[in-house]
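One structure is given below, encoded as structure tokens.
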Amino acid sequence: IAAPSWLSFIRSIEVDRAADRLHWQLQKAKSEAKRDRATWEVLIRQSPEGIQYSINHDDAQPVWQNMPFENAEIDFGNTTFFFDRRKRAYRMQFNWLGVSNGRLGRVTVMHKQSNIKRCVIVSTLLGSMRTSKEKRGRCD
């Protein structure tokens, strides 16, 4: 009787942790941009190994790192970050002031085997970020 709710709980934690990791990476890029007085970016993509991310200067080659959450994946239909076709990844940039480089949006992470979704949202041009749970089909 408790197995379905336990599975839902475990899946929810895994998606929460994946979203928190992406939120932390965005915060780190913002901090690095202010420290170096240069444009930094976070790139996020889905690969066969799972979600990968890279934090680097905007003119540097990405160094991809795998997220340790094998059941989390990007929900492409609800992700609104800019998609960089050249780098084949979603991108969020922060300029030397730590301000979003002209584009707001969100990345949505979901569990492969359920409809549990979490969003990381860059909500203002000043670079304010937050995480959100999906409610009624939306992350707000």
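Count the net charge of all other residues whose Cβ sits under 13 Å from the Cβ of Gln27, scoring Lys and Arg as +1 and Asp and Glu as -1. Computed value for this residue: +4.
Among the GluC sites (Glu not before Pro) within region 1-94, which fall in a DSSP loop and have no more than 11 other Cβ atoms within 10 Å of their own Cβ?
On the way: sites: Glu14, Glu32, Glu41, Glu49, Glu70, Glu73; in loops: Glu49, Glu70.
Here the GluC sites (Glu not before Pro) that fit, given the DSSP loop and packing criteria, are Glu49.
Distance between the pseudo-spin-label points of Ser8 and Thr124 (7 Å out from Cα toward the beta carbon): 3.6 nm. So what's the gap between the Cα centers of region 84-140 and region 1-78, to the nearest angstrom? What the calculation gives is 10 Å, centre to centre. Average accessible surface for region 35-140: 55 Å² per residue, computed with a 1.4 Å probe over protein heavy atoms with every protein chain in place.
At a 1.4 Å probe, what is the % contribution of carbon and sulfur to the accessible area of the chain? The partial results should precede the final answer.
Working: 3940 of 7950 Å².
Of the solvent-accessible surface of the chain, carbon and sulfur hold 50 percent.
Looking at region 1-101, which trypsin sites (Lys or Arg not before Pro) are in a loop (DSSP not H, G, I, E or B) and have at most 12 other Cβ atoms within 10 Å? Hits after loop and neighbour filter: Arg37, Arg85, Arg86, Arg88.
Positive contributions from Lys and Arg (+1) and negative ones from Asp and Glu (-1), summed over other residues with Cβ under 10 Å from the Cβ of Met129, come out at +3.
The values are calculated or read from the model by the stated rules, or taken from the named source; none is laboratory data. Everything quoted here is computed from the prediction, not taken from an experiment. Glycine gets a Cβ as well: all are built from the backbone with ideal geometry, and neighbour counts include every protein chain shown. These area figures cover heavy atoms from the full protein model, side chains too; ligands, DNA and RNA do not enter into them. Shrake-Rupley method; radii C 1.70, N 1.55, O 1.52, S 1.80 Å.
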